[in-house]
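Throughout, read-outs are computed from the coordinates displayed, never taken from laboratory work. Everything quoted here is computed from the prediction, not taken from an experiment. Because the Cβ atoms are built from the backbone with ideal geometry, glycine has one as well, and the counts that use them run over all protein chains shown.
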Amino acid sequence: MKTVSNCVEDILITQPYLEEALSRNIINFSALALELVEPISKMLKKDVKPGAIMMALRRYNPPPTLTNSVKMKRAIQNLGDITVRSNLTDFTVRNSETLINNHAKILERIHIEPKLFYTFTRGIHESNIIISSSLNDFIKTQLQNEMFLAIQDGLTAISINLPQDNSKIAGLYYHFFKRLAWEGVVLYEVISTTNEFTILVEDDYVDKAFAAIKRVKV
């Protein structure tokens, strides 16, 4: 049988910002309890008193990843350099039997110009190429027989080096996404390798995105 505590947990899990505020004791429990009376009453299909909700809120234990654990603090302190690359274009194409061969020819061209920015991601149904805009015409010509799903230029990539043990730290990426969301930054693309995290944003968001990531590092 579902209880008030179960309902409080379900609501907080879907609202990580609210959950974090509770973990930092910077929220008014009484006001929040009043706000949750209606949704919890609907979930339980009976009237619930604010006092019962407030008691459940005070007893709630947030996941340790939301608190400033020693491992999380160390990871944030050891974040590496932030690199910004502008004048990029994102090509999204439908996967096909010919795409791999065409992509191989693109790699040959990139090998001649190693300073170009380039990433390639293959999904189940589509593939994504992010590359310096100076090669736009070449990419369109090389993939002229492929089905383009989207082409977006005027993009900038912001990359940050992560500590080597980052894959063992739950919640690390949450700190980036939280800060970017608070700053109103719209992410066009997210790219991640083992020790490197890159976001792709339209040029209008570059300053906000860079400042947001820098604040995480600080």
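Going 7 Å from the Cα of N145 in the Cα-to-Cβ direction, what parts of the range 92-114 have a backbone nitrogen less than 16 Å from that spot?
What the label zone holds, given the 16 Å backbone N cut-off, is 94-106.
Test of understanding: in a Gaussian network model of the chain with alpha carbons linked when under 10 Å, which of N101, N195, N61 would top the mean-square fluctuation ranking?
Answer for the Gaussian network model of the chain: N101.
Run the quick spin-label model on I100 and D47: label points 7 Å from Cα toward the beta carbon, then report their separation in nm to one decimal.
6.7
With the radius of gyration and the Kirkwood radius both derived from the Cα set of the chain, what is their ratio Rg to Rh?
1.11
If r is the Cβ-Cβ distance from R122 to Y17 and R0 is 35 Å, what FRET efficiency results, to the nearest 0.05? Working shown, then result.
Details: r = 34 Å, r/R0 = 0.96.
Approximately 0.55, to the nearest 0.05.
Charges on Cβ only, +1 for Lys and Arg, -1 for Asp and Glu, centred on the Cα centroid of the chain; of S134, I82, Q152, which one is farthest towards the dipole's positive end?
Positive-most Cα among the choices belongs to I82.
Which whole-number percent is the relative contact order of the range 47-202 (Cα, under 8 Å, 6+ apart)?
With pairs under 8 Å counted, the relative contact order is 29 percent.
Mean-square fluctuation check for the chain, GNM, Cα pairs under 10 Å: which of G154, G184, G51 is largest?
Highest fluctuation of the listed residues: G51.
Distance cut-off 22 Å, Cα to Cα: go down the list K115/K217; K2/K178; K115/K214; K73/K214; K115/K140 and report the pairs above it. Before the final figure, lay out the partial values.
Numbers: K115/K217 26 Å; K2/K178 30 Å; K115/K214 25 Å; K73/K214 15 Å; K115/K140 20 Å.
The pairs that break the limit, which is 22 Å between Cα atoms, are K115/K217; K2/K178; K115/K214.
Placing +1 on the Cβ of each Lys and Arg and -1 on the Cβ of each Asp and Glu in the chain, which of I124, I110, V216 has its Cα farthest towards the positive end of the resulting dipole?
V216
About the Cα centre, and with charges only on the beta carbon of Lys, Arg (+1) and Asp, Glu (-1), how big is the dipole of the chain? Nearest 20 debye, please.
1080
Quick one: grab the alpha carbon gyration tensor of the range 4-63, order the square roots of its eigenvalues as a ≥ b ≥ c, and give me rounded if a/c is under 1.5, else prolate or oblate depending on whether a/b is larger than b/c.
prolate
With label points built 7 Å along Cα→Cβ from the Cα atoms of I112 and D137, find their separation and express it in nm.
Modelled inter-label distance: 1.4 nm.
In terms of the Cα gyration tensor, with a ≥ b ≥ c the square roots of its eigenvalues, is the range 174-218 rounded because a/c is under 1.5, prolate because a/b exceeds b/c, or oblate?
Oblate, since a/c reaches 1.5 and b/c is not below a/b.
Mean residue ellipticity at 222 nm from the helices of the chain, using -39,500 (n - 2.57) per DSSP H segment of n ≥ 4 over the full residue count, to the nearest 500 deg cm²/dmol?
The per-residue figure over the chain is -13000 deg cm²/dmol.
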